[in-house]
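**Q** Structure incoming, see below.
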Amino acid sequence: MPVSQWHLFDDAPAVAREAARRILAAVDKAISLQGKFSIVLAGGSTPEATYRLLVDADTDWSKWHIYFGDERCLPMDDAERNSVMATSSWLDHVTIPDKNIHPIPAEQGAEAGASAYGLLIADALPFDLVLLGMGEDGHTASLFPGQRHPGSELVHAVHDAPKPPPDRVSLSRKALSDCRELLILVTGAGKKEAVTGWKHGEDLPIASIGAHDTVDILQDKDAAGA
Ligand code: 6PG
């Protein structure tokens, strides 16, 4: 597994700008090498600024293939869905073909959603880029500290999640790590404790995700305690 590279930025907008730059560099590389680009999107609030910046990108949207790292078990149009956040901030404003956008069917329930999405992503691996955030407890996607899942699964059904809603669908550590590039965005003072634990080798879910080529963590000064 490649060594994680930590990068420090003044604030969240600077992290978003660098994340957009890195994603577009990965796109250019993937399209030139293989004629397409697959990305796993992060949920939560941190990546929204990056998604908004991507709206104005000069890229061949027809070559993009969109997957999600996790999803909350809520109705498809629920404002708390990760797919709704990505769609309203970015995907609705660009011309990625609908057939290339793959939301997790978490509205079917955790088990049914996980089963269906596992079949889908089995054919999508390896991803070109996985984008992740991190919670204040060191969780990522819907992989939470203290929760165990079968290591062979590509997609997990999650229950009793400490971050509401309790029922979720999450790509597994195995699936999230099956990527060329891993890009992690961490901003805000609320993440400082988890960042410190991570840097000191704490066994956090975020720390267990790898990649084939590069792992880059973009942190702002608040999250780094700098
Ligand atoms: C979710 C996300 C989750 C998120 C972290 C950070 O469904 O909640 O996938 O893993 O990335 O909780 O969330 P913020 O970016 O809002 O701090």
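The values are calculated or read from the model by the stated rules, or taken from the named source; none is laboratory data. If you're wondering where the values come from, they're calculated on a predicted model, not measured in any experiment. Cβ sites come from the backbone with ideal geometry, for glycine too, and all protein chains shown count toward neighbours. We work out accessible area using only protein heavy atoms, side chains counted, and drop any ligands, DNA or RNA first. Shrake-Rupley method; radii C 1.70, N 1.55, O 1.52, S 1.80 Å.
**Q** Might you check whether a residue that is open to solvent by less than 50 Å² (accessible area, probe 1.4 Å) and within 27 Å of P165 (Cα to Cα) occurs anywhere in region 25-38?
**A** No: zero hits.
**Q** Next up: Scan region 107-140 for residues that are open to solvent by 20 Å² or more (accessible area, probe 1.4 Å) and of a type in the set (A, V, I, L, M) and jot them down.
**A** Scanning region 107-140 gives A112, A116, L119, L120, A122, L125.
**Q** Limited to region 38-56, what total is found for residues that are in a loop (DSSP other than H, G, I, E, B), within 15 Å of the ligand (Cβ to nearest atom) and not aliphatic (A, V, I, L, M)?
**A** Let us first name the residues in region 38-56 that are in a loop (DSSP other than H, G, I, E, B), namely 42-47, 55-56.
Going one step further and asking which of them are within 15 Å of the ligand (Cβ to nearest atom), we end up with 42-47.
Pick out the ones that are also not aliphatic (A, V, I, L, M) and you get 43-47.
Qualifying residue count, region 38-56: 5.
**Q** Now for a separate question. Just checking, how many residues over region 159-202 are near the ligand (Cβ under 9 Å from one of its atoms), part of a helix (DSSP H, G or I) and basic (K, R)?
**A** Residues in region 159-202 being near the ligand (Cβ under 9 Å from one of its atoms), part of a helix (DSSP H, G or I) and basic (K, R): 1 in total.
**Q** Residues of region 141-153 being open to solvent by 10 Å² or more (accessible area, probe 1.4 Å) and either more than 9 Å from the ligand (Cβ to nearest atom) or hydroxyl-bearing (S, T, Y) (or both), which ones?
**A** Listed by number, the residues that qualify are P145, G146, Q147, R148, H149, P150, G151, S152, E153.
**Q** For residues in region 57-96 being free of Cβ contacts under 8 Å to residues at least 60 places away in the same chain, open to solvent by less than 40 Å² (accessible area, probe 1.4 Å) and assigned to a loop (DSSP other than H, G, I, E, B), which is farthest from L120 (Cα to Cα)?
**A** A57
**Q** While we're looking at this one, here's another question. Go through (1) in contact with a helix residue (DSSP H, G or I) (Cβ under 8 Å, 6 or more places away or on another chain); (2) surrounded by fewer than 16 Cβ atoms within 10 Å (Cβ to Cβ); (3) at pLDDT 95 or above and name the single condition H156 misses.
**A** For H156, the exception is condition (2).
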